[in-house]
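Worksheet for the structure shown next.
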Amino acid sequence: QVQLIESGGGLVQAGGSLRLSCGASGRTFSSGRTFDEHNMAWFRQRPGKERELIAGITWSFTTDLVDFVKGRCSISRDNAKNTVDLQMASLKPDDSAVYYCAAEKRPWGSPTTVRTDPDDYDSWGQGTQVIVSS
């Protein structure tokens with residue numbers, strides 16, 4: 001079964017940049033489908049707050065980012081490598097969080113719409129921590 005593993009987090013000064021990477025190992029998700037057949041997303045969870053969507057990318061490579069990161073973040077996927085990356089720039093202390101990648105429950109989801117509800121995702125990485133110092 002596919003396992004998702006995030007990497008790239010760490011300590012960075014405000015205004016700095018990080019690239020987070022999520023690698024998928026294994027053949028299939030619980031759906032029986034492969035990485036390239038699932039929409040993927042990055043979430044973050046700040047201390048004391050709910051888990052929230054940052055960005056998503058569909059199986060058809062449509063991307064979507066939440067308003068508060070538009071212009072300073074981008075998401076990409078490489079199906080040949082089974083990876084999905086989140087590039088972040090102009091980081092703020094409020095961006096400090098544990099960042100998770102996740103796969104949507106259903107294979108072949110919407111080719112154009114990224115789901116925002118964490119309950120629509122059932123495969124999660126262990127998370128990678130980002131600390132932005134002021």
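Are any of the residues in region 43-63 of a type in the set (Phe, Trp, Tyr) and touching a Phe, Trp or Tyr at 6+ places or on another chain (Cβ under 6 Å)?
Checking region 43-63: at least one residue is of a type in the set (Phe, Trp, Tyr) and touching a Phe, Trp or Tyr at 6+ places or on another chain (Cβ under 6 Å).
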Of residues in region 77-96 being of a type in the set (A, V, I, L, M, F, W, C) and part of a loop (DSSP other than H, G, I, E, B), the one farthest from Ala24 (Cα to Cα) = Leu91
query = Do any residues in region 20-34 that are at positive phi and open to solvent by 30 Å² or more (accessible area, probe 1.4 Å) have Cβ atoms under 7 Å from those of residues that are β-branched (Val, Ile, Thr) and assigned to a loop (DSSP other than H, G, I, E, B), where the two are at least six apart or on different chains, and which pairs are they?
reply = Gly26/Val2
key: Residues of region 75-89 classified as exposed (fewer than 14 other Cβ atoms within 10 Å of the Cβ) and of a type outside the set (A, V, I, L, M), total   = 2
key: Failed condition for Val98, given (1) open to solvent by 50 Å² or more (accessible area, probe 1.4 Å); (2) farther than 14 Å from Asn39 by Cβ   = (1)
ask   = When residues of region 1-50 are filtered for being part of a loop (DSSP other than H, G, I, E, B) and out of contact with any Leu (no Cβ under 9 Å at 6 or more places or on another chain), how many remain?
value = 16
ask   = modelled with pLDDT of 95 or more, open to solvent by less than 60 Å² (accessible area, probe 1.4 Å) and in contact with a His (Cβ under 7 Å, 6 or more places away or on another chain): does that describe Pro107?
value = yes
inquiry  = Step by step: first the residues of region 51-65, then only those that are outside any strand (DSSP E or B) and in contact (Cβ under 8 Å) with a residue 24 or more places away in the chain, then the one that is surrounded by the fewest Cβ atoms within 10 Å (Cβ to Cβ). Which residue is that?
reply    = Ser60
query = Do any residues in region 73-92 that are on the phi < 0 side of the Ramachandran plot have Cβ atoms under 7 Å from those of residues that are part of a loop (DSSP other than H, G, I, E, B) and open to solvent by less than 40 Å² (accessible area, probe 1.4 Å), where the two are at least six apart or on different chains, and which pairs are they?
reply = Met88/Arg72; Ala89/Arg72; Leu91/Gly16
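The values are calculated or read from the model by the stated rules, or taken from the named source; none is laboratory data. Since the structure is predicted, the reported quantities are computational estimates derived from the model, not experimental observations. In this analysis, Cβ positions are derived from the backbone assuming ideal geometry, glycine residues included, and neighbour counts consider all displayed protein chains. Remember, those area values only see protein heavy atoms, side chains included, never the ligands or the DNA or RNA. Shrake-Rupley method; radii C 1.70, N 1.55, O 1.52, S 1.80 Å.
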